[in-house]
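Chemist: Let me begin by handing over the structure; questions about it come next.
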Amino acid sequence: MSRLLPWGSKTGGKRKRRVGEGALTVSCLMRVPVFSAAKYPAIKALMRPDPHLKWAVLGLVLAQLLACWLVRGLAWRWLLFWAYTFGGCVNHSLTLAIHDISHNTAFGTGAAARNRWFAIFANLPIGVPYSASFKKYHVDHHRYLGGDGLDVDVPTRLEGRLFCTPARKLLWLVLQPLFYSLRPLCVHPKAMTRMEVFNALAQLAVDAAILSLWGVKPMAYLLASTLLGLGLHPISGHFVAEHYMFLKGHETYSYYGPLNYITFNVGYHVEHHDFPSIPGCYLPLVRKIAPEYYDHLPQHHSWVKVLWDFVFEDSLGPYARVKRVCKLAEDPASGSPS
């Protein structure tokens, strides 16, 4: 049986808990599906590409390019308004499309390269290169969920210590895009890959073209859409809802509300971690096929309520995460840790 240690402690000794402090487990145990796809052939049949994903992404990218053309003459206050209310939704949705594509759901597992390039295309309205790096680290999120120094989705100890009051937690939510961008470089730096270089070159070329053709405001609109949409925004509630310990003993939660329609069903998060190769569009069917394994689990009903509780509940904060000490999996080809 694994022991639970307060996050940040070096031993299992008694220690006064910080406000909102989570727990660190010394083993790498985590929830695994209590049923297999083999037991439910209908679930196994869902492990196929999403035929509509590429068209949805194309529509979102074209919508943002049209918005770039429309905001050229807008006053700055209206540009920021539309960046938050419209562009923030679109760009956040595109980041979640990239999340889905990282599991090869656009063209299937047999066309990994096409999925990587399509993710770079989906990345273009975001304004900064993101998709290739996300893919590189998201594999570890699934393989080592909560792994100390491996899962960069888990906030650092410094974040937990600094952002522990309502005002500071609110600031932390506003700055989420920066923490998600910089945390991997501090927690688990990896060598740059060729796809990351291609991602950066493609993004710089498109950014330069927008600046050259339409000026500064469209580029500012795209960047503001990303920063505002991934910061203190209703959709951003999923960042907190997915793995923060709202109830002791439960580290992954699903949300079945209407915002799933514009977020590629990322709210079906327990189902996603059980079957990451199933595209978001089919995750509601997983719950429908096997409701006895999901309906009794704790779930969120509002991402806005999640954000409110995160800020004002003393038991919640960056510390409210399960952390694990995990051993690196070995690469079957080389026999060395991967």
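The values are calculated or read from the model by the stated rules, or taken from the named source; none is laboratory data. These figures come from a predicted structure and were not determined experimentally. Please note: Cβ atoms are built from the backbone with ideal geometry, for glycine as well, and neighbour counts cover all protein chains shown. The accessibility values were calculated without ligands, DNA or RNA, using every heavy atom of the protein model including side chains. Shrake-Rupley method; radii C 1.70, N 1.55, O 1.52, S 1.80 Å.
Chemist: Find out how many positive minus negative residues lie around Tyr294, taking Lys and Arg as positive, Asp and Glu as negative, among other residues whose Cβ is under 11 Å from that of Tyr294.
Modeler: Numbers: positive: Arg287, Lys288; negative: Glu271, Asp274, Glu292, Asp295.
Result for the neighbourhood of Tyr294: -2.
Chemist: Quick one: of Lys135/Lys327; Lys169/Lys323; Lys39/Lys327; Lys54/Lys135; Lys44/Lys135; Lys248/Lys305, which pairs are farther than 27 Å apart, Cα to Cα?
Modeler: Numbers: Lys135/Lys327 21 Å; Lys169/Lys323 20 Å; Lys39/Lys327 30 Å; Lys54/Lys135 17 Å; Lys44/Lys135 23 Å; Lys248/Lys305 18 Å.
As for pairs spanning more than 27 Å Cα to Cα, those are Lys39/Lys327.
Chemist: Hey, what angle do you get for helix 176-187 against the long axis of the chain, alpha-carbon based, 0 to 90 degrees rounded to 10?
Modeler: Relative to the chain, helix 176-187 is tipped by roughly 60 degrees.
Chemist: Compute the separation of the alpha-carbon centres of the stretch 150-175 and the stretch 256-272 and state it in Å as a whole number.
Modeler: The stretch 150-175 and the stretch 256-272 have Cα centres separated by 24 Å.
Chemist: Defining a contact as two alpha carbons under 8 Å apart and six or more residues distant in sequence, what relative contact order in percent does the chain show?
Modeler: Worked out over the chain, it gives 29 percent.
Chemist: Additional query: Tell me, what % of the accessible area of the chain is carbon and sulfur with a 1.4 angstrom probe?
Modeler: Ligands and nucleic acids excluded, carbon and sulfur give 68 percent.
Chemist: Report the paramagnetic label zone for Val128: residues of the stretch 139-182 whose backbone N is under 14 Å from a point 7 Å from Cα along the Cα-to-Cβ axis.
Modeler: 174-182
Chemist: Something else now. Where both residues lie in the chain, what percent of DSSP beta bridges are antiparallel, nearest 5?
Modeler: Percent antiparallel among DSSP bridges in the chain is about 45.
Chemist: On to the next question. Report the Cα centroid-to-centroid distance between the stretch 73-114 and the stretch 200-246 in angstrom, as an integer.
Modeler: Taking the Cα centre of the stretch 200-246 as reference, the centre of the stretch 73-114 is 8 Å away.
Chemist: Starting from the 7 Å offset along Cα-to-Cβ, what nm value, one decimal, do you get for the label separation of Val216 and Thr109?
Modeler: 5.0
Chemist: Counting Lys +1, Arg +1, Asp -1, Glu -1, what net charge surrounds Phe121 among other residues with beta carbon under 15 Å of its beta carbon?
Modeler: Computed value for this residue: +2.
Chemist: Toward the positive end of the charge dipole of the stretch 46-312, about the Cα centre and with charges on Cβ (Lys, Arg +1; Asp, Glu -1), which of Ile278, Pro218, Phe163 goes farthest?
Modeler: Pro218
Chemist: Normalised by the empirical 2.2 N^0.38 Å for globular proteins, what value does the Cα Rg of the chain take? Write out the running numbers ahead of the final one.
Modeler: On the way: Rg = 20.2 Å, N = 338, 2.2 N^0.38 = 20.1 Å.
Rg over 2.2 N^0.38 Å, computed on Cα atoms: 1.00.
Chemist: In nm², what is the average projected area of the convex hull enclosing the Cα atoms of the stretch 93-242? All intermediate terms of the calculation are to be shown ahead of the outcome.
Modeler: Working: hull surface 38.7 nm².
If I average the Cα hull's projected area over directions, I get 9.7 nm².
Chemist: With everything on Cα atoms, drop me the angle between helix 53-70 and the longest principal axis of the chain, reported from 0 to 90° to the nearest 10.
Modeler: With both axes taken from Cα atoms, the answer is about 50 degrees.
Chemist: Moving on. Calculate, in nm to one decimal, what Arg194 and Phe81 gain on full extension: separation in residues at 0.36 nm each, minus their alpha carbon distance.
Modeler: 37.0 nm
Chemist: Picking from Leu58, Trp69, Pro234, whose Cα lies most toward the positive end of the charge dipole for the chain (charges on Cβ: Lys, Arg +1; Asp, Glu -1)?
Modeler: Toward the positive end, the furthest listed residue is Pro234.
Chemist: Scan the stretch 115-184 for trypsin sites (Lys or Arg not before Pro) in coil per DSSP, keeping those whose Cβ has at most 12 other Cβ atoms within 10 Å, and list them by number.
Modeler: Passing sites in the stretch 115-184 do not exist.
Chemist: Could you give me the ³J(HN,Hα) list for the stretch 307-319, computed from phi with Karplus coefficients 6.51, -1.76, 1.60 and θ = phi - 60°, whole Hz, x at Gly and Pro?
Modeler: Coupling constants for the stretch 307-319: 5, 4, 5, 4, 6, 9, 8, 5, 7, 10, x, x, 6 Hz.
Chemist: With every protein chain left in place, what is the accessible area per residue of the stretch 117-237 in square angstrom, probe 1.4 Å?
Modeler: 44
Chemist: Averaging over every viewing direction, what projected area does the convex hull of the Cα atoms of the stretch 34-85 cover, in nm²?
Modeler: Projected over every direction and averaged, the Cα hull of the stretch 34-85 covers 6.0 nm².
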